[in-house]
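The values are calculated or read from the model by the stated rules, or taken from the named source; none is laboratory data. Just so we're clear, the structure is a prediction, and the values are computed from it rather than from any experiment. Backbone-built Cβ (ideal geometry, glycine too); neighbour counts: all protein chains shown.
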């Protein structure tokens, strides 16, 4: 094998992870969708499109040749969630059946409401799957600022393997066997972050923001309970940790998208000005439809869907949320393990 590890996707997160591994002495290939991006990275040592001011390690080599990028058995998948299915279909002929695949993307597929582990199982059923998530802005990881994340796998041995590869310097990696919980936490928090951006731009205050994040966590946990997640996972790095960093920081793409929407921009205009994928705008479509099928009430997610796709105003939806019938804070479906 020519390389220890390949990172598919040269966006901010893929670039940050590839660079982190490279600076730890690993030989890393960063696969770029566009040949010109790969050529510039190799020539200048910088990504011309993302994390533009970060000097990349000499151990990192970029390529747009998919077959070349597949010359290893360890991969990190850092491409937008809605592109995962097509990419895996395109790539599987180059990959070994027992490939080690660690997913770094967050979200749900719009057309099927499937999590990425479910997509991988469908297309590459023998792949050794893991997922990495947690409060981890790519910009801060690239600057080697202290970060803690979790890697989850159905196999403890697999999770430990990725932990040993990634846990270096100020990048601390914990392990988990709760793939479902880690994926749900990473997907739903992006939707809540859009609401947080809207609330911030509307200057609703600290009380409102704290209530929003808390009730957003309730929606994460409600879906997690239905899917069989461990509640402690959603109280950890992949749940409340990721929710906090996404809802309180202007580094969050979903937060900034919410701010733009609150300023009156259309979704298309907001996405264009953002210049990067905000997964929450896509995940909310799958999430709302999936929640209806499951009989779950996710009022914040439903409100964001109405703002983004039904032209409702944030002010009118705020009134609707506060005029809902009073309810218990913890409804029966959130009582894990109760009879």
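So here's what we get for this one:
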quantity	calculated
Qualifying residues in the stretch 11-52 (those that are part of a loop (DSSP other than H, G, I, E, B) and more than 23 Å from the chain's Cα centre (by Cα)) - the one surrounded by the most Cβ atoms within 10 Å (Cβ to Cβ)	26
Pair list, Cβ < 9 Å and 6+ apart or interchain, from the stretch 34-50 residues that are not assigned by TED's automatic domain parsing to the domain that holds residue 64 to residues that are at pLDDT below 95 and assigned to a helix (DSSP H, G or I)	none
The listed residue being surrounded by fewer than 17 Cβ atoms within 10 Å (Cβ to Cβ), under 23 Å from residue 251 (Cβ atoms) and modelled with pLDDT of 95 or more, out of 65, 55	55
Residue list for the stretch 205-226, filter: free of Cβ contacts under 8 Å to residues at least 60 places away in the same chain and either surrounded by fewer than 20 Cβ atoms within 10 Å (Cβ to Cβ) or more than 23 Å from residue 121 (Cβ to Cβ) (or both)	205, 206, 207, 208, 209, 210, 211, 213, 214, 217
Yes/no for residue 243 being at pLDDT 95 or above, farther than 24 Å from residue 140 by Cα and in contact with a helix residue (DSSP H, G or I) (Cβ under 9 Å, 6 or more places away or on another chain)	no
Single condition residue 315 does not satisfy, out of (1) under 19 Å from residue 207 (Cα atoms); (2) at pLDDT 90 or above; (3) not in a helix (DSSP H, G or I)	(3)
Set 238, 229: member being surrounded by 24 or more Cβ atoms within 10 Å (Cβ to Cβ), in contact (Cβ under 8 Å) with a residue 12 or more places away in the chain and part of a helix (DSSP H, G or I)	238
Yes/no for residue 116 being touching a strand residue (DSSP E or B) at 6+ places or on another chain (Cβ under 7 Å), over 28 Å from residue 286 (Cβ atoms) and assigned by TED's automatic domain parsing to the domain that holds residue 18	no
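Yes/no matrix, rows are residues, columns are (1) farther than 12 Å from residue 183 by Cα; (2) surrounded by fewer than 18 Cβ atoms within 10 Å (Cβ to Cβ); (3) at pLDDT below 95:
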site	(1), (2), (3)
87	yes, no, no
92	yes, yes, yes
98	yes, yes, yes
103	no, no, no
111	yes, yes, yes
115	no, no, no
118	no, yes, no
128	yes, no, no
131	no, no, no
